[in-house]
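Encoded as structure tokens, the structure appears first; notes follow it.
The values are calculated or read from the model by the stated rules, or taken from the named source; none is laboratory data. Nothing here was measured: the structure is a model prediction, and the numbers come from that model. Virtual Cβ from ideal backbone geometry, glycine too; neighbours counted across all protein chains shown. Note: areas computed on protein heavy atoms with side chains; ligands, DNA, RNA excluded. Shrake-Rupley method; radii C 1.70, N 1.55, O 1.52, S 1.80 Å.
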Amino acid sequence: MKKNRIITWCLLLAGQFAAAQSLRAPAYPLITHDPYFSIWSMTDTLNAAPTKHWTGTDQALLGMVKVDGTVYRFLGAVDQSYKTILPASDEKGYDVKYTETAPPADWMKVEFGEAGWNVGKAPFSDNSSVAGTLWRSKDLWARRTFTITGKRSGPLYLKLQHDDNVEVYLNGEPVYQKKGWTGKFIYIPLEKGLLRTGSNVLAIHVANTAGGAWLDAGLVEKPLSTDVTPENVAVQKSVRIQAMQTSYEFICGKVDLSLTFTSPLLPDDLDLLSRPVSYVSVKVRSNDGVKHDVQVYFGASTDIAVNNATQPVRAQRYDAQGHGLNVLKAGTVEQPILKKKGDDLRIDWGYMYVTAFAGKGLSQSISTSATPAQVFAGGGPASLEGKHLWLNTVASLGKVDTRGREQVFMVGYDDIYAIQYFHQDLRAWWRDKQGATIEKEMMDAWTNYEEIIKRCAVFNKRLYDDAEKAGGEKYARLCELAYRQSVAAHKLLKSPEGEILFLSKENFSNGSINTVDVTYPSAPLYLAYNPDLLKGMLNGIFYFSESGKWTKPIAAHDLGTYPLANGQTYGEDMPVEECGNMIILTTAICKVEGKADYARKHWKTLSTWAEYLSKEGLDPAGQLCTDDFAGHLARNVNLSAKAIVALGGYAWMAQQLGEKETFSKYSQVAKDMVVKWMRMADNGDHYGLVFESKGTWSQKYNLVWDKILGLGLFPKEVYETEVAYYLTKQNKYGLPLDSRRGYTKSDWILWTAVLAKDQKDFEALADPVYKYADETPTRVPLSDWHETEDGRQVGFQARSVVGGYFMKVLEEKLKKNQYEKNVGTGSIDRRADDRDGHGTK
């Protein structure tokens with residue numbers, strides 16, 4: 001099969017741009033597989049800035065095309081690389097003189113005497129597990145004396161990470177001051193002439209005003225480029241996001257270029273969903289009717305395989321014998337497999353791969369920079385060790401006419417071991433089979449490229465059509481944007497017991513793994529397209545309890561801190577929240593599958609949790625719920641609704657299992673709770689935030705499961721009353737979470753919108769979420785927590801919970817399932833459209 005070939009511009013693929021892309025995404029998914037292998041463009045124009053990991057750290061991809069000798073850059077930008085002058089602690093440990101007692105006013109001067117000051121190792125932090133020197137007081141003054149030999153040629157930068165307020169001096173001169181903190185190193189340009197040949201002093205004062213404490217600093221230089229090859233920036237005409245693909249159109253002088261990133265995360269093919277290989281397709285064709293000589297360059301920075309760009313890597317070039325692929329491979333020298341855990345981290349073990357079919361005109365190289373002159377010239381060593389290297393592939397397409405040619409590149413990642421699960425290192429799903437290798441996976445991806453692309457196109461259309469039919473065009477665009485983000489916030493594995501594990505990471509919300517109240521909002525997507533994946537999100541929590549490793553009579557909050565799933569690490573339980581979540585989601589699985597087998601398997605555990613909710617769920621004591629950022633809240637009306645719906649779901653499952661007494665008991669308990677709930681929460685024209693508290697309100701998003709699962713617990717008047725009130729409380733970018741603050745959760749808004757009785761009210765609630773995604777000034781993978789007045793991110797990003805956007809899709813699928821079931825049994829009620837969904841007129 002020829003991949004460097006004349007293209008037939010078939011309607012299937014050309015149709016990607018038939019409909020104009022109206023949504024300006026906050027960020028554009030490019031290569032998305034799991035929390036570590038996740039690369040995005042965070043600008044509207046693909047060649048305006050380097051591509052990044054979802055955390056915001058540069059993970060640069062670069063694309064250029066040479067047309068008759070003229071170079072055009074269409075993908076990314078060369079990321080900033082620096083030469084170290086004075087290392088920070090991420091490169092090399094160092095000592096400083098410091099004091100925690102206010103020094104004299106001239107403490108920052110070069111000639112200042114440091115008598116009585118302490119000596120400590122950087123970094124300074126209040127976290128004993130990472131601190132070189134433990135610092136828990138309010139103020140820290142630090143001085144670092146160092147020697148410079150020779151002259152500096154490039155611009156000088158301060159490399160700094162601080163928490164909180166900081167003032168920095170170089171040789172007694174103020175160079176930087178800021179109130180606030182940074183979660184990673186920032187680079188601040190310095191004026192020329194501040195650095196001296198000989199002895200120098202970097203002096204820093206940092207004040208810890210609240211929360212964590214941190215200080216680490218160094219100096220770097222930006223090398224001057226020696227490349228004089230002119231480079232033009234391609235003109236981007238359009239961009240389109242679909243479920244599996246992000247596609248761009250460019251004008252590159254006398255050729256048009258189409259660029260498509262495909263991560264084939266097909267939900268019903270777990271082998272393919274787990275395969276860590278994405279396609280990058282470049283298609284070029286003449287736009288002036290004349291043939292042009294074309295070469296296409298694709299490059300990837302080895303920063304994709306490191307946590308910090310200062311980590312040394314080893315790269316190599318080889319041919320995959322027997323597979324017909326040219327391969328570039330890179331990974332850290334250290335290879336600290338599963339040695340780190342936390343939130344703002346990137347993988348620094350395993351190996352990244354860039355491959356292409358070993359055809360005529362293809363060349364690969366490894367280099368220390370990615371200038372046009374260097375990468376198009378090629379050559380160089382077959383292996384190289386260093387920092388911030390480039391893996392380069394150039395394909396000569398020959399003379400290209402109006403029929404066009406295509407070059408496909410593949411980018412993959414082999415993490416070797418992916419997750420530690422109760423102290424056992426597990427491989428990813430694709431690797432957990434005899435004889436599995438990344439070369440075999442890449443070859444299979446290559447051999448089946450055309451078939452996989454067709455399957456992706458079919459799913460793209462299916463998802464869009466499902467969402468458009470359920471909620472309209474704007475809603476469908478939101479679902480397209482959410483799909484890959486949600487899936488790629490998980491890792492797919494098989495447990496030692498042979499069960500599916502689909503483990504999420506709490507991206508920028510504390511880094512927990514398999515958090516139950518992250519699974520809960522994510523669930524609608526997976527219920528709609530493959531409930532086995534939702535089982536994979538619940539199985540570990542059930543195992544935790546049923547193995548005896550978790551002994552409390554409530555559901556755990558999480559399984560640890562990603563990627564170490566060795567037991568709960570969150571500091572506080574959420575008893576009503578997590579018990580309710582587990583029971584509701586098990587009910588939903590049984591409803592979707594039309595059988596209660598999954599509930600039967602875990603019935604004893606579910607019964608323990610249901611018993612707890614029957615005693616503690618109606619009027620919850622002060623505790624956290626999934627909206628833990630809002631703080632503890634006693635008598636939480638929405639949390640109570642979750643408990644009631646969970647008990648109704650438990651009763652329904654008992655009925656399916658033939659547990660008549662249990663069904664009778666818990667169905668009555670749930671019904672009695674509803675009556676009390678309505679009385680205690682009553683606020684006249686709506687229901688309150690907390691019981692028996694007037695003048696408050698909140699989104700009752702937990703009620704949506706009662707409606708879509710047809711449990712028939714709450715009268716439809718409750719939904720209608722709430723929705724009518726919500727429509728009076730909306731802001732520009734959506735409905736606030738509750739009466740306490742102006743921020744919101746977009747997943748909960750789209751659940752709340754499903755409570756609406758008609759499409760008009762649904763769109764009235766849902767459309768501001770589209771407006772937020774389209775207009776937010778915060779350019780990161782979609783944040784689910786934002787301010788409703790100005791659309792700015794409050795926190796969280798790239799989280800799986802945007803799978804919750806699919807609640808309206810799920811509702812329609814459940815309606816269709818019920819309709820088909822009734823038709824099949826001959827019991828269809830033609831008056832169904834006149835019902836409220838709860839079995840009453």
Quick check: with the 1.4 Å probe, what order do 431, 285, 240 take by accessible area, largest first? 285, 431, 240
Can you compute 3J(HN,Hα) from phi for each residue in segment 799-806, using the Karplus curve 6.51 cos²θ - 1.76 cosθ + 1.60 with θ = phi - 60°, rounded to whole Hz and x for Gly and Pro? 8, 6, 5, 5, x, x, 4, 7
Residue 373 and residue 792 label points (each 7 Å along its Cα→Cβ direction) are spaced in nm at 4.4
Please give the charge dipole size of segment 381-453, origin at the Cα centre, charges +1 on K and R Cβ atoms and -1 on D and E Cβ atoms. Round to the nearest 20 debye. 200
Given a Förster distance of 51 angstrom, what is the FRET efficiency for residue 454 paired with residue 92, based on the Cβ-Cβ distance and rounded to 0.05? 0.50
Between residue 425 and residue 251, what length in nm is gained on full extension when 0.36 nm per residue of separation is reduced by their alpha carbon distance? 57.9 nm
Between residue 432 and residue 335, the FRET efficiency computed from the C-beta separation at R0 = 25 Å comes out, to the nearest 0.05, as 0.80
Segment 200-217 versus segment 346-411: alpha-carbon centroid distance in Å: 42
Check: the chain dipole with +1 on Lys, Arg Cβ and -1 on Asp, Glu Cβ, in debye: 1440
Run the quick spin-label model on residue 740 and residue 775: label points 7 Å from Cα toward the beta carbon, then report their separation in nm to one decimal. 2.7
Rounded to the nearest 5, what % of DSSP beta bridges with both residues in the chain are antiparallel? 95
Label-reachable residues, segment 164-196, where backbone N falls under 18 Å from a point 7 Å from residue 106's Cα toward its Cβ: 169-174
What whole-number value in cubic angstrom gives the convex hull volume per residue for the C-alpha atoms of segment 469-608? 116
Just to be sure I understand the model, the point goes 7 Å from the Cα along the line to the Cβ. What's the resulting residue 127 to residue 115 distance in nm? 3.9
Select from 391, 704, 471 the residue farthest towards the positive end of the dipole of the chain; place +1 on Cβ of Lys and Arg, -1 on Cβ of Asp and Glu, and compute about the Cα centre. 391
Kindly report the accessible area of segment 246-405 per residue (heavy atoms of protein chains, probe 1.4 Å, no ligands, DNA or RNA), in Å². 33
Over segment 262-359 - Rg/Rh using Cα atoms and the Kirkwood inverse-distance radius: 1.06
Dipole axis of the chain (+1 Lys, Arg; -1 Asp, Glu on Cβ), positive-most option in 677, 156, 140: 156
Want the number for residue 179 to residue 199: 0.36 nm per residue separation, take away the alpha-carbon distance, what's left? 4.3 nm
Tell me which GluC sites (Glu not before Pro) from segment 174-269 have a DSSP coil assignment and no more than 12 other beta carbons within 10 Å of their own. 191
Assuming R0 = 25 Å, can you tell me the calculated FRET efficiency for the pair residue 664 and residue 693, based on Cβ-Cβ distance, to the nearest 0.05? 0.15
Using alpha-carbon positions, what is the distance between the centroids of segment 419-487 and segment 585-654, in Å? 30
Rounded to a whole %, the carbon-and-sulfur portion of the accessible area of the chain at a 1.4 Å probe is 49
Whole-number D in µm²/s for segment 467-543 (Stokes-Einstein; Kirkwood sum over Cα pairs; 20 °C, 1.002 mPa s): 162
Restricting attention to segment 514-607, which trypsin sites (Lys or Arg not before Pro) occupy a DSSP loop and are surrounded by at most 15 other Cβ atoms within 10 Å? 549, 595
Cα-based Rg and Dmax for the chain, in Å, come out at 28.6, 94
For segment 650-716, which GluC sites (Glu not before Pro) are both in a DSSP coil and crowded by at most 13 other Cβ atoms within 10 Å? 692
